[in-house]
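The values are calculated or read from the model by the stated rules, or taken from the named source; none is laboratory data. If you're wondering where the values come from, they're calculated on a predicted model, not measured in any experiment. Positions of Cβ are generated from backbone atoms using ideal geometry, with glycine treated the same way; all protein chains shown enter the neighbour counts.
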Amino acid sequence: MAGFIDLTLPVEDSFRAIRAGVRSHPADQQVVVVAIEDRTLNALGADEPSRSADAKLLDRLFAQGAERVFFARAYADLTEPRHDAAFARALDRHGSRVFLGATPQFEQADGSSSSIVPHERFRSSAQIVSMYGETAPFDLSFRLATSSFILGEDRPSFSAALAGMEGDGSFYRVDFATDDTTIPVVSYIDALTGRIADEAVRGKDVVIAPASRGARDLRSLPLGGRVPLAYFHVIGAETLKRGNPIDLGWIPAFLAISGVVFCMSRQAIPSNRLVLLSAAGLAVIPLVLDFVNVSVDVVPAAVCLAIAAFRLYRLANTTYRGATGLRRIESLQGSRLAEGMDVLALKIRNFAIISAILSPQEIDQLLIKAHTMLRATDCSAEFAFHKDTFVWTRSKTLPADLADHAQGLHALFRTSITVGSQAPDIASSIGIDSNYGASLRQRTENAMQCAEDAARAGRVCLVSELRVADDIAWRGQILSELETALRNDEVGVAFQPKVALATGLIVGAEALLRWTHPTRGDVAPDKVVAIAEEHGRVGMITFYVLNRALVQARKALDRYPRFRISINISALDLRDRMFVPQLEQILAAHRFPAANVILEITETAPIENDDAVIRTMADLKRMGLKLSVDDFGMGHASLEYLRMIPADEVKIDRSFVAGIETSEDDRALVGSAIQMIHSLGRTAVAEGVETPGVVEILRAMGCEEAQGYHFSRAIAMDELLAQMPRGAAAA
């Protein structure tokens with residue numbers, strides 16, 4: 001569109017003028033301008049020289065050896081007879097070497113047409129040349145005709161005659177690379193009175209042109225000052241002396257860039273190098289072509305490249321993860337149906353630990369290598385990556401073969417992947433969805449949940465159970481039923497003790513949501529929270545648990561002033577501007593000291609570089625509350641993540657803790673995590689402690705606190721209060 005309607009012409013002309021400035025060169029000195037400037041008019045005492053003065057000047061110029069003389073005026077009207085007669089006689093003497101300007105017919109405001117041509121008294125002897133030209137918007141470029149139809153004949157243009165070429169009626173763009181300040185100029189009055197040397201005009205063409213400040217035909221040079229219109233013809237002649245310019249227009253560059261855009265569209269991540277090389281080509285190639293008198297318009301192509309690069313980069317950012325070429329889960333879910341396909345998810349259980357060890361570039365390299373390993377197992381599959389999990393589809397496989405395939409994938413990732421100087425071990429778990437009747441979105445989420453469940457259960461693989469239609473429908477109404485249950489006080493809160501490993505004493509508890517549905521039984525809290533977050537309604541759960549927990553924790557606090565209650569909040573709560581004011585009101589209402597409250601931030605959404613979240617966390621710290629990073633190792637947490645959150649403690653996820661008795665990898669990972677947590681001045685808390693052996697290992701590693709079934713399940717506050725004097729060992 002920009003090319004067809006010349007939308008970008010001013011930008012194009014500006015770029016062309018800049019290129020002309022780069023190629024600036026002096027005039028060839030073969031054309032001399034005799035300027036009728038203010039000094040001449042003052043000396044003559046008239047608004048313009050008389051025809052007798054023009055006749056005298058002609059005789060003197062030819063006597064000094066001038067080759068030809070061009071008048072940049074039409075002489076369309078007669079003046080005093082004696083002056084006109086003198087000029088006519090001079091034309092008779094030198095007629096074939098004298099050129100008078102004219103214009104072809106043009107339409108006037110009243111609809112009539114007319115032309116400006118020399119009076120018939122002067123036509124018979126002098127040559128007639130066309131002065132017609134077209135200027136672009138803002139005077140940034142100028143086009144001249146090589147010839148025009150005047151008085152029934154095709155007449156050469158002013159510039160074509162100066163260049164000694166025959167015109168063909170075409171237009172060409174004047175090349176302003178000729179430095180206008182180097183065009184030889186003499187004063188009309190000096191030439192008339194013989195005060196210029198013969199060498200100034202001998203063997204040269206002379207152009208006589210108005211040049212006073214009041215002259216009507218002064219024009220602005222592109223990106224330059226104002227000069228007589230005759231300069232444009234002189235510079236045009238310099239252009240034509242190099243040959244008639246070839247104007248390729250905008251289509252060749254546009255087609256070339258269209259090819260580049262097509263190549264970029266075939267790449268998962270558009271090549272920065274290709275974009276930069278193409279942009280450089282659009283800047284340099286026109287300059288090179290200018291040297292050989294070939295003009296090409298590139299701004300429409302540049303607009304095309306800019307729009308395409310922006311759109312393709314944006315598409316890549318929404319479709320792919322960084323520079324890895326891995327699709328984002330949203331693009332895989334929306335790409336097509338997966339009837340007759342199995343959906344697989346491979347979770348990197350220790351991705352957070354790996355992220356803390358490697359740089360972002362090394363993480364991308366790790367994912368690329370892992371992707372290559374997975375593609376070797378199924379070249380036709382489309383792989384996506386979400387948080388810490390690869391997701392893909394593959395052709396439907398028999399259940400027994402599917403389990404074997406999962407075992408093979410697990411074995412594939414048991415070896416470390418070398419990235420730079422690092423070779424991190426990868427702990428993986430696999431989830432598979434074979435519910436062929438569900439949507440691809442539901443199936444990918446189900447496969448990822450299965451991988452998560454497999455990780456928590458310490459299993460290699462977990463295949464989903466088929467979902468019946470009413471289960472899927474219930475997912476859509478679960479929040480409304482929960483809201484009703486909260487309003488009717490049908491949802492409970494249980495408390496799991498947190499134990500100081502050094503003393504075995506209970507130092508606090510974590511408040512956990514407990515909902516028993518009348519027909520479906522116990523509903524998993526993490527499932528409810530995930531759906532609430534998806535719909536932006538997690539706040540109702542947070543404040544319900546907070547109120548119930550503080551009421552119960554008040555009993556413990558009255559007896560044990562150092563008791564701390566831990567309450568889970570979502571990262572989405574931190575984006576709520578009303579969260580801090582509402583929290584202050586609740587604490588005041590329950591007369592509960594902020595220092596005894598720990599808010600555990602679940603890793604359900606990334607919060608890096610979120611100014612609102614950072615401000616909220618700062619406000620919470622100013623209130624005196626303590627912050628905790630929950631489920632470290634299972635989501636977005638990394639060393640940079642931990643640095644950013646002003647947390648007081650970090651809770652290591654149960655999927656790592658449970659295996660430290662039997663797995664050297666898990667033991668090494670947990671040990672490294674504790675060291676890293678301590679290096680940041682945080683308290684390390686282990687989740688999922690189930691055996692005395694795990695307790696001893698954690699104690700030896702320097703872990704301060706722990707919770708899990710070894711100490712106690714989540715229980716009512718009254719039961720917890722009964723256990724506290726005896727300590728966790730008796731739980």
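Descriptive notes on the structure:
- Options 332, 287: the member that is part of a helix (DSSP H, G or I) and in contact with a Lys or Arg (Cβ under 7 Å, 6 or more places away or on another chain): 287
- Qualifying positions in segment 710-726 - out of contact with any helix residue (DSSP H, G or I) (no Cβ under 7 Å at 6 or more places or on another chain) and over 13 Å from residue 509 (Cα atoms): 722, 725, 726
- When restricted to residues that are buried (at least 18 other Cβ atoms within 10 Å of the Cβ), under 18 Å from residue 252 (Cα atoms) and out of contact with any Leu (no Cβ under 9 Å at 6 or more places or on another chain), segment 301-328 contains 2.
- Residue match in segment 334-341 (condition: within 19 Å of residue 464 (Cβ to Cβ), surrounded by fewer than 21 Cβ atoms within 10 Å (Cβ to Cβ) and among the acidic types (Asp, Glu)): yes
- Unmet criterion (only one of (1) surrounded by fewer than 18 Cβ atoms within 10 Å (Cβ to Cβ); (2) under 24 Å from residue 180 (Cβ atoms)) for residue 93: (2)
- Among the residues listed as 663, 672, 655, the single one being within 39 Å of the chain's Cα centre (by Cα), surrounded by fewer than 18 Cβ atoms within 10 Å (Cβ to Cβ), assigned by TED's automatic domain parsing to the domain that holds residue 552 and hydroxyl-bearing (Ser, Thr, Tyr): 672
- Any hit, segment 419-440, residues being part of a helix (DSSP H, G or I) and of a type in the set (A, V, I, L, M, F, W, C): yes
This table checks each residue for (1) outside any helix (DSSP H, G or I); (2) farther than 19 Å from residue 22 by Cα; (3) modelled with pLDDT under 90.
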| site | (1), (2), (3) |
| --- | --- |
| 231 | no, yes, no |
| 239 | no, no, no |
| 254 | no, yes, no |
| 259 | no, yes, no |
| 269 | yes, yes, yes |
| 303 | no, yes, no |
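- Filtered residues of segment 397-437 (kept if surrounded by fewer than 15 Cβ atoms within 10 Å (Cβ to Cβ) and farther than 21 Å from residue 355 by Cβ): 398, 399, 400, 401, 404, 407, 408, 411, 437
- Residues of segment 12-44 that are within 17 Å of residue 223 (Cα to Cα), in contact with a Leu (Cβ under 9 Å, 6 or more places away or on another chain) and among the hydrophobic types (A, V, I, L, M, F, W, C): 17, 18, 20, 22.
- For segment 385-396, the condition of being at pLDDT below 85, in contact with a His (Cβ under 8 Å, 6 or more places away or on another chain), buried (at least 16 other Cβ atoms within 10 Å of the Cβ) and not assigned by TED's automatic domain parsing to the domain that holds residue 658 holds for at least one residue.
- Residues within segment 173-183 that are in a loop (DSSP other than H, G, I, E, B) and either surrounded by fewer than 18 Cβ atoms within 10 Å (Cβ to Cβ) or hydroxyl-bearing (Ser, Thr, Tyr) (or both), tallied: 1
- Scanning segment 67-108 for residues that are among the polar types (S, T, N, Q) and within 30 Å of residue 163 (Cβ to Cβ) yields 96, 103, 105.
- Considering residues of segment 501-536 that are assigned to a loop (DSSP other than H, G, I, E, B) and modelled with pLDDT of 80 or more only, the residue farthest from residue 598 (Cα to Cα): 518
- Residue 240 vs. criteria more than 26 Å from residue 50 (Cβ to Cβ) and either hydrophobic (A, V, I, L, M, F, W, C) or not assigned by TED's automatic domain parsing to the domain that holds residue 17 (or both): yes
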